[in-house]
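**Student:** Please see the structure below; I have some questions.
Every number in this text was worked out from the coordinates using simple rules, so none of it is lab data. Fair warning: this is a prediction, and the values are worked out from it, not measured in the lab. All Cβ positions, glycine included, derive from the backbone under ideal geometry; neighbour counts span all protein chains shown.
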Amino acid sequence: MRSLTPAAQEERRRQVVGLRESGLTYEAIAQQVGLTFNGVSNICKRFREKGMAGLRTGPRGPAPGTGRFLSADQEAEIRQLICRDTPDAYGLPFALWSRAAVAAVIEQCCGVRLAVRPMGTYLARWGFTPQKPLRRAYEQDPDAVRHWLETEYPAIVAKARQQKGTIF
């Protein structure tokens with residue numbers, strides 16, 4: 001059943017209910033439809049309890065928001081702390097915010113100890129994503145760099161050759 005689309009699953013469930021209403025046993029239905037005895041039994045039970053609504057495919061997986069260790073108020077408080085200050089302002093041994101720094105401030109403020117791994121999920125949910133730095137600085141002046149490469153750098157290379165030095 002899991003490999004079928006939700007619409008095909010619902011059709012298979014309706015087929016099971018129709019066969020049961022025609023008088024077949026669970027074993028016979030299971031053989032005919034290609035399900036297990038327990039699967040047929042569960043479908044019939046859902047139909048008895050909820051009618052046709054019980055045959056519909058519902059949302060899968062855990063409900064949104066389950067499995068969180070922080071309340072909405074705590075999450076809002078941590079987001080404000082991250083936006084307002086750097087970790088060292090809270091007495092933490094970090095200069096910038098990292099997953100470890102966020103885990104430490106959560107433990108300090110909320111008393112909840114979380115592993116570093118789920119911090120990425122929390123940070124992404126809050127809109128903080130890792131940023132890749134640019135290959136050059138924002139303050140870099142392209143004209144000054146070009147001038148230095150054309151005039152000053154050749155003199156440095158010549159002096160290094162003269163002294164048999166290596167430029168890094």
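**Student:** Can you give me the distance in nm between label points at Tyr90 and Ser41, each placed 7 Å from the Cα along the Cα-to-Cβ direction?
**Tutor:** 5.2 nm
**Student:** Normalised by the number of residues in the chain, what is the relative contact order in percent for Cα pairs under 8 Å and 6+ residues apart?
**Tutor:** Worked out over the chain, it gives 10 percent.
**Student:** Calculated from the structure, Kirkwood radius over Cα pairs in Å equals which of (i) 23.1; (ii) 18.3; (iii) 19.5?
**Tutor:** (i)
**Student:** Would you mind calculating the gained length between Glu150 and Glu11 on full extension (0.36 nm times residue separation, minus the Cα-Cα distance), in nm to one decimal?
**Tutor:** 42.5 nm
**Student:** Next question, about the same structure. How big is the charge dipole of the stretch 22-72 about its Cα centre, in debye rounded to the nearest 20, if each Lys and Arg gets +1 on its Cβ and each Asp and Glu gets -1 on its Cβ?
**Tutor:** Roughly 240 debye for the stretch 22-72.
**Student:** On full extension of the chain, what length is gained from Glu139 through Lys159, given 0.36 nm per residue of separation minus the C-alpha to C-alpha distance?
**Tutor:** Result: 4.3 nm gained on full extension.
**Student:** So, with +1 on the Cβ of K and R and -1 on the Cβ of D and E, and no other charges, what is the size of the charge dipole of the chain about its Cα centre, to the nearest 20 debye?
**Tutor:** 760 debye
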